[in-house]
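A.B. asks: One structure coming up, written as structure tokens, with questions to follow.
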Amino acid sequence: MSKVFEIKRLILSDMLKAFTMFWLTLTGFLFIGYVIASFMGTSIVLLVWPIFLVWLCANSFLITKNNLNYALKLGATRTQFFAGSVLILLIAVLVGQLIHRVYLFVLPNVAAALSIENVTLIGFQEVLPELSTLYAFGYDLTFAFFLLGIFYLIGVIRYQYGIVPVYVLAGSLGLLFLLPMTRDGVTSWLRMLYQGEALGTFFLLAIIGVVACLASQPVLRKMTLR
């Protein structure tokens with residue numbers, strides 16, 4: 001367990017800097033968006049959580065490449081690295097979601113106080129109008145866990161086997177979605193979500209994320225120092 005916390009400290013220092021810089025940069029862009037909307041009178045759509053998910057995908061993909069060698073040199077096992085790195089990413093998701101919820105509460109109220117009415121913050125509730133706030137919170141976390149697991153696995157595969165397997169995986173998924181059965185099924189499912197039906201099925205994405213994350217561990221065990 002002590003090695004897991006050592007790995008957490010190793011990853012946390014760099015991750016915290018990147019996390020803080022991300023939110024400061026995003027806050028600056030949001031501020032600029034509100035200023036433009038206020039002075040120019042144009043309608044503006046702003047994104048918060050989707051932008052965070054891009055950051056999460058990038059860091060989930062790179063975390064093994066950037067930290068595994070150093071963790072192994074510290075004497076940590078690959079299983080301990082897996083536990084520590086995933087834990088850091090999960091904490092980032094939870095803290096990011098908390099900040100996101102604060103933004104969703106504070107920004108519209110500040111905008112209303114300043115009579116800025118032409119700014120829309122886009123989230124799951126705007127895309128799927130039947131969602132309650134609680135469901136929207138769950139959807140945010142579910143999609144984040146899904147992407148975390150998928151991109152963590154892709155990052156591990158890329159680091160161990162190179163870029164070719166990643167291209168093969170991406171190509172296979174692309175071909176899968178070109179199949180009429182798959183395309184029609186996904187379209188029908190999204191339509192059901194929009195209409196407020198089968199909302200609970202979205203949470204199955206979290207299971208896929210967990211499976212993908214666990215699938216990376218056997219690949220990690222084969223890795224050696226580089």
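The values are calculated or read from the model by the stated rules, or taken from the named source; none is laboratory data. Since we're looking at a predicted model, the values are computed, not measured. With ideal geometry, Cβ positions are generated from the backbone for all residues, glycine too; neighbour counts draw on all protein chains shown. When the accessible area is computed, the model is the full protein with side chains, heavy atoms only, and any ligands, DNA or RNA have been set aside. Shrake-Rupley method; radii C 1.70, N 1.55, O 1.52, S 1.80 Å.
A.B. asks: In the set Val95, Val106, Val110, Val102, which member is open to solvent by 40 Å² or more (accessible area, probe 1.4 Å), hydrophobic (A, V, I, L, M, F, W, C), at pLDDT 85 or above and more than 20 Å from the chain's Cα centre (by Cα)?
C.D. replies: Residue meeting the stated conditions: Val106.
A.B. asks: If I ask for residues that are closer than 23 Å to Ala144 by Cβ and among the small types (Gly, Ala, Ser), which ones from segment 179-204 would you list?
C.D. replies: Within segment 179-204, Gly196, Ala198, Gly200 qualify.
A.B. asks: Could you tell me whether any residue of segment 138-160 is surrounded by 12 or more Cβ atoms within 10 Å (Cβ to Cβ), touching a helix residue (DSSP H, G or I) at 6+ places or on another chain (Cβ under 8 Å) and without any contact (Cβ under 8 Å) to a residue 60 or more places away in the chain?
C.D. replies: No, that holds for no residue.
A.B. asks: Related question: Taking Leu46, is it at pLDDT below 90 and assigned to a helix (DSSP H, G or I)?
C.D. replies: Criteria not met by Leu46.
A.B. asks: Output the number of the condition that Gly84 fails; it satisfies all remaining conditions of (1) within 16 Å of Ala212 (Cβ to Cβ); (2) out of contact with any Phe, Trp or Tyr (no Cβ under 6 Å at 6 or more places or on another chain).
C.D. replies: With respect to (1) within 16 Å of Ala212 (Cβ to Cβ); (2) out of contact with any Phe, Trp or Tyr (no Cβ under 6 Å at 6 or more places or on another chain), Gly84 is out only on (1).
A.B. asks: Please work out if Glu126 is open to solvent by 20 Å² or more (accessible area, probe 1.4 Å), out of contact with any helix residue (DSSP H, G or I) (no Cβ under 6 Å at 6 or more places or on another chain) and closer than 24 Å to Phe202 by Cβ.
C.D. replies: For Glu126, the condition - open to solvent by 20 Å² or more (accessible area, probe 1.4 Å), out of contact with any helix residue (DSSP H, G or I) (no Cβ under 6 Å at 6 or more places or on another chain) and closer than 24 Å to Phe202 by Cβ - is met.
A.B. asks: Name the residues in segment 173-206 that are open to solvent by 40 Å² or more (accessible area, probe 1.4 Å) and not in a helix (DSSP H, G or I), would you?
C.D. replies: Across segment 173-206, the qualifying residues are Leu179, Gln195, Glu197, Ala198.
A.B. asks: Since Thr120 meets every condition but one in (1) open to solvent by less than 50 Å² (accessible area, probe 1.4 Å); (2) of a type outside the set (Gly, Ala, Ser); (3) outside any helix (DSSP H, G or I), which condition does it not meet?
C.D. replies: Evaluating Thr120 over (1) open to solvent by less than 50 Å² (accessible area, probe 1.4 Å); (2) of a type outside the set (Gly, Ala, Ser); (3) outside any helix (DSSP H, G or I) leaves (1) as the failure.
A.B. asks: Restricting to segment 207-226, what's the tally of residues that are open to solvent by less than 30 Å² (accessible area, probe 1.4 Å) and more than 18 Å from Thr77 (Cβ to Cβ)?
C.D. replies: 2
A.B. asks: Spot the failing condition for Tyr167; the list is (1) in contact (Cβ under 8 Å) with a residue 12 or more places away in the chain; (2) open to solvent by 80 Å² or more (accessible area, probe 1.4 Å), and only one is missed.
C.D. replies: Tyr167 satisfies all of (1) in contact (Cβ under 8 Å) with a residue 12 or more places away in the chain; (2) open to solvent by 80 Å² or more (accessible area, probe 1.4 Å) except (1).
A.B. asks: Can you pull out the residues in segment 64-92 that are open to solvent by 60 Å² or more (accessible area, probe 1.4 Å), closer than 15 Å to Arg9 by Cβ and outside any helix (DSSP H, G or I)?
C.D. replies: Within segment 64-92, just Leu74 meets the criteria.
A.B. asks: Quick one: Ile44 ticks every box in (1) out of contact with any helix residue (DSSP H, G or I) (no Cβ under 7 Å at 6 or more places or on another chain); (2) more than 25 Å from Tyr70 (Cβ to Cβ) except a single one, so which number is it?
C.D. replies: Every condition holds for Ile44 apart from (1).
A.B. asks: Out of all the residues in segment 29-63, which are open to solvent by less than 30 Å² (accessible area, probe 1.4 Å), of a type in the set (Gly, Ala, Ser) and under 30 Å from Leu10 (Cβ atoms)?
C.D. replies: Residue satisfying the conditions is Ser60 alone.
A.B. asks: Evaluate the following for Ser13: is it without any contact (Cβ under 8 Å) to a residue 60 or more places away in the chain, out of contact with any Leu (no Cβ under 7 Å at 6 or more places or on another chain) and of a type outside the set (Phe, Trp, Tyr)?
C.D. replies: yes
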